[in-house]
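Notes to accompany the following structure.
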Amino acid sequence: EKKELQPITPLLVSADPEKGKIVAKKCLQCHTFDKGGANHTGPNLWGIIGNQFAHAAGFAYSQGFQDKHGKGTWDVEELNKFLYKPREYVPGTKMSFVGIADEKERADLIAYLMTLSDNPQPTIAKS
């Protein structure tokens, strides 16, 4: 039976963006994180939190992501689900990364992604 994925929001209270930046090194092969950074194999991730699905202009998203465009935004819980098992979350995604099983690592990474914004949201999401 499939283990229910726990919400990540409670873990963000103690998440460490600096540790998340280290976790993000796993992503650097395909993604950039700087403002105005280029899309590579994967889209640039600056400002991902709160942005709509398939937001990066000029990026060739998989059909699975194209189908999600306009159907929601990347909040911390959606990112948690995606980072846990990308290919389960978006069938047909081109992202070959297997995912991050460790929830603390995911929380740290999400906390780091939250800092990549002109107006960073506080780490504690509203309940």
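Every number here is computed from the coordinates shown, using simple stated rules; none is lab data. In this text, all values refer to a predicted model and were calculated from it rather than measured experimentally. We place every Cβ from the backbone using ideal geometry, glycine too, and count neighbours over all the protein chains shown.
Can you give me the ranges of the helices (runs of 4 or more DSSP H) entirely in the range 51-127 with at least 2 residues that are over 26 Å from Ile22 (Cβ atoms)?
On the way: elements: 63-68, 76-84, 86-89, 103-115.
Correct list: 63-68.
Every residue, every condition in (1) under 15 Å from the mean Cα position of the chain (by Cα); (2) on the phi > 0 side of the Ramachandran plot; (3) surrounded by fewer than 19 Cβ atoms within 10 Å (Cβ to Cβ), yes or no:
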{"position": "Ile48", "(1), (2), (3)": "yes, no, no"}
{"position": "Ala57", "(1), (2), (3)": "no, no, yes"}
{"position": "Ser62", "(1), (2), (3)": "no, no, yes"}
{"position": "Gly72", "(1), (2), (3)": "yes, yes, yes"}
{"position": "Ser96", "(1), (2), (3)": "yes, no, yes"}
{"position": "Glu103", "(1), (2), (3)": "yes, no, yes"}
{"position": "Asn119", "(1), (2), (3)": "no, no, yes"}
### Selection within the range 15-30 - in a loop (DSSP other than H, G, I, E, B) and either touching a residue at least 24 places away in the same chain (Cβ under 8 Å) or more than 16 Å from Glu105 (Cβ to Cβ) (or both)
Ala15, Asp16, Gln29, Cys30
